[in-house]
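Scroll down for the structure; my scribbles are underneath it.
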Amino acid sequence: PRVLNNDKKILKKLNVDYIFIPSEKQIYPKGVNKDIKIDNFKNNLCGKFRPNHFEAIIDVVQRFIKIIKPKKIYLGKKDMQQLILIKNYLRKNKIKTKVIACKTIRQKNGVAFSSRNLLLSSNDQIIASKVYKTLKKSKKNLIKQKNTLNSLKYKILRFGIKKIDYLKILDVNKIIKPYKKKSNKKIFIAYYISHVRLIDNI
């Protein structure tokens, strides 16, 4: 959902001087770029269910960088796959804009803030909160292999989840070369409550 007027009000309170709201023709005068090449990690997690999604994301980010020429861009860790792919693409293509990873901001119930949360009913919010708390509580045991992903998946589905696209544990420091020595394992999930698709990583 687009909530431009609400966004403007927030930015005004924060004393933001300028807002860039271009038209589609301004950004895509000759259409989308179909020649973008990104890392194979694009085919994992969300990419498996949304073909060409990350190419489209990187296309528009690259266009904004060319127009705005920022020294830094700030991307949330909730969209971890997107963050990793953009960071790697800029590095490989020697684009000097630095990517700053921002921690996931959560509601009091633990659900990660997202514009899609506006589409959730109060009962949906309760279910999403249960998913987050269950993942957080289960993480250590999953990493130690005391629990299985299948048992966790079954438990989450019983909350009233419509469908789980994926539930995986990945080491984010071992996804794209050059690998980091330190391990950083996270649980990644994408699931549906009613018709709303939510993603998270913990």
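The values are calculated or read from the model by the stated rules, or taken from the named source; none is laboratory data. Please read all numbers here as calculations on a predicted model, not as lab measurements. Note that we place each Cβ from the backbone using ideal geometry, even for glycine, and neighbour counts take in every protein chain shown. Heavy atoms of the whole protein, side chains included, go into the accessibility calculation; ligands, DNA and RNA do not. Shrake-Rupley method; radii C 1.70, N 1.55, O 1.52, S 1.80 Å.
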Fill in the blank from the handout: For residue 162, counting only aspartates and glutamates whose alpha-carbon sits under 13 Å away and dropping same-chain residues fewer than eight positions off, the answer is 124
Fill in the blank from the handout: A student applying the Cα gyration tensor rule (rounded when a/c is under 1.5; otherwise prolate if a/b is larger than b/c, oblate if not) would label segment 139-202 oblate
Completion exercise
Surpassing 18 Å at the alpha-carbon level, of the pairs 12/72; 77/137; 108/163; 77/174, are 12/72; 77/137; 108/163
Completion exercise
Rounded to whole angstrom, the alpha-carbon centroid of segment 150-170 lies from that of segment 71-135 at a distance of 19
Completion exercise
In whole percents, the bins of 10 Å from zero upward hold the Cα-Cα pairs of segment 1-153 as 8, 26, 37, 21, 7, 0
Fill in the blank from the handout: Carbon and sulfur atoms account, in whole percent of the 1.4 Å probe accessible area of segment 1-158, for 52
Practice task
When a/c is below 1.5 the answer is rounded, else prolate if a/b is larger than b/c, else oblate, so apply that to segment 84-202 with a ≥ b ≥ c taken from the square roots of the Cα gyration tensor eigenvalues.
Solution key: oblate
Exercise for the section: Quick one: what are the phi-derived ³J(HN,Hα) couplings along segment 138-151, Karplus 6.51/-1.76/1.60 with θ = phi - 60°, whole Hz, x for glycine and proline? Expected result: 8, 4, 4, 5, 5, 5, 7, 6, 7, 10, 10, 5, 5, 5
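Let a ≥ b ≥ c be the square roots of the eigenvalues of the Cα gyration tensor of segment 1-63; is it rounded (a/c under 1.5), or, if not, prolate (a/b larger than b/c) or oblate? Display every interim value, and only then the final one.
Values: a/c = 2.80, a/b = 1.78, b/c = 1.57.
In terms of gyration-tensor shape, prolate.
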Practice task
Filter the trypsin sites (Lys or Arg not before Pro) in segment 4-48 to those in DSSP coil with at most 11 other Cβ atoms within 10 Å of their Cβ, and list the result.
Solution key: 30, 34, 37
Exercise for the section: Along Cα→Cβ, 7 Å out, is where each label goes; now give me the distance between the ones at residue 126 and residue 102 in nm to one decimal. Expected result: 3.2
Practice task
Within the chain, what's the longest run with no chymotrypsin sites (Phe, Trp or Tyr not before Pro) in a DSSP loop and at most 10 other beta-carbon atoms within 10 Å? Give the range, please.
Solution key: 21-178
Practice task
Could you state the accessible area per residue of segment 125-202 in Å², with a 1.4 Å probe and every protein chain left in place?
Solution key: 61
Problem - Where the Cα pairs of segment 28-87 fall when distances are cut into 5 Å bins, in % - result: 4, 17, 28, 24, 17, 9, 1
Exercise for the section: State to the nearest 20 debye the size of the charge dipole of the chain about its Cα centre, where the only charges are +1 on K and R beta carbons and -1 on D and E beta carbons. Expected result: 940
